[in-house]
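What follows is one structure encoded as structure tokens, with my remarks underneath.
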There are 2 protein chains.
Amino acid sequence: YVPKSFDLKKPCKHFVLYLHNIAYDGDNAANATAATIVKPLGLGDHSFGELIIINNPVTLDQNYLSKPVARAQGFYFYNMKTNYNAWVAWTLVFNSTKHKGTFTIMDANPFGLQPARDLSIVGGTGDFLMTRGIATFKTKLTQGSKYFCVEMNIKLYECY
Amino acid sequence: YVPKSFDLKKPCKHFVLYLHNIAYDGDNAANATAATIVKPLGLGDHSFGELIIINNPVTLDQNYLSKPVARAQGFYFYNMKTNYNAWVAWTLVFNSTKHKGTFTIMDANPFGLQPARDLSIVGGTGDFLMTRGIATFKTKLTQGSKYFCVEMNIKLYECY
């Protein structure tokens with residue numbers, strides 16, 4: 001097989017999305033979209049070992065009340081003693097007239113160390129069949145452990 | 001681009017690395033690089049269900065005190081009742097003048113059953129943008145549940 005060639009400056013698909021993480025705190029079941037299932041270990045003081053499962057809304061702008069165009073489903077955990085650093089596996093699930101299908105972002109996410117970080121996009125289905133590419137994350141807003149918003153600049157280099 | 005068609009004997013990048021796993025035992029916070037966040041279930045007697053999060057040093061030789069060239073970030077868990085078998089998702093994060101970027105190894109790791117096992121490399125960023133290939137693991141040293149060293153023979157077959 002010979003996949004389509006790609007030019008870094010010309011992804012075959014390119015869009016910017018915003019993910020909203022609303023942490024479950026025991027009282028906000030109706031609004032919560034993410035929840036800690038394993039508490040931090042107490043190894044260092046940057047939540048090492050905390051494992052969070054998510055089903056987060058993804059919108060076209062930074063307003064978490066905008067109509068979601070996708071859901072980010074998956075998990076992340078913190079894995080550094082000296083700074084905030086995570087490992088992420090998030091599948092973006094699109095289920096609208098505009099887009100139907102999924103693609104999965106999986107990589108280290110040094111959000112405490114770098115304002116912008118690249119993560120791998122490792123596969124997809126439906127409109128995103130067999131896709132691969134890069135998602136550049138930038139943290140836009142954090143409110144303690146309650147809420148954060150991440151900008152995801154999605155560049156797909158293999159589209160079918 | 002048209003990726004080089006690949007010949008199993010001629011990877012586009014080929015190097016051998018050593019991963020060092022120093023388990024947190026509650027007293028070695030300063031030296032620990034990996035920690036169990038879910039204890040074994042007690043299903044069978046090969047740690048079924050134990051989930052470990054890692055940020056392990058990766059060196060060019062078997063000496064765990066050598067200067068790391070990368071960090072292996074991710075997790076693994078045991079999933080067999082009758083023998084030692086694991087499932088692994090490890091991202092190698094390179095942050096040196098020589099290499100900048102990541103690639104992710106994800107697969108079953110039958111370390112109790114096979115001296116050498118092949119795992120998939122499913123994607124990458126930076127110097128390893130969009131890479132794919134195979135990592136052949138060999139366990140070099142195990143010290144009870146405290147420490148192990150794994151040789152990772154990395155063969156990348158798609159490089160950009």
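The table below gives the values:
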{"item": "Segment A:Phe75-A:Ala29, extension gain: residue separation times 0.36 nm, minus the distance between their alpha carbons", "result": "14.8 nm"}
{"item": "Simple spin-label estimate for B:Ala108 and B:Ser145 in nanometres, 7 Å along Cα-Cβ", "result": "2.5"}
{"item": "Extension gain from A:Ser66 to A:Val38, taking 0.36 nm per residue of separation minus the Cα-Cα distance", "result": "7.1 nm"}
{"item": "10 Å Cβ neighbours from other chains, averaged over peptide B:121-131", "result": "5"}
{"item": "Average beta-carbon neighbours from other chains, 10 Å sphere, peptide B:66-76", "result": "3"}
{"item": "Principal axis dimensions, the protein assembly as shown - Cα atoms, whole angstrom, descending", "result": "54, 54, 39"}
{"item": "Lysine pairs with alpha-carbon atoms under 19 Å apart, the stretch B:26-160, spacing 8 or more or separate chains", "result": "10"}
{"item": "Pairwise centroid distance, computed over Cα atoms, of the stretch B:128-160 with the stretch A:104-160, Å", "result": "24"}
{"item": "Partner chain coverage, peptide A:40-50 - average Cβ within 10 angstrom", "result": "4"}
{"item": "Nitroxide proxy distance, nm - points 7 Å out along Cα→Cβ at B:His14 and A:Met130", "result": "2.8"}
{"item": "Overall form of the stretch A:7-137 per C-alpha gyration tensor (a/c, 1.5; a/b vs b/c)", "result": "oblate"}
{"item": "Shape call, the stretch B:20-75: gyration tensor on alpha carbons, a/c limit 1.5", "result": "prolate"}
{"item": "Ranked packing of B:118-126, B:20-28, B:90-98, most packed first, by mean Cβ within 10 Å", "result": "B:118-126, B:90-98, B:20-28"}
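Throughout, read-outs are computed from the coordinates displayed, never taken from laboratory work. From a predicted model like this one, the values you see are computed outputs, not experimental measurements. When we count neighbours, we look across all protein chains shown, and the Cβ atoms used for this are built from the backbone with ideal geometry, even at glycine.
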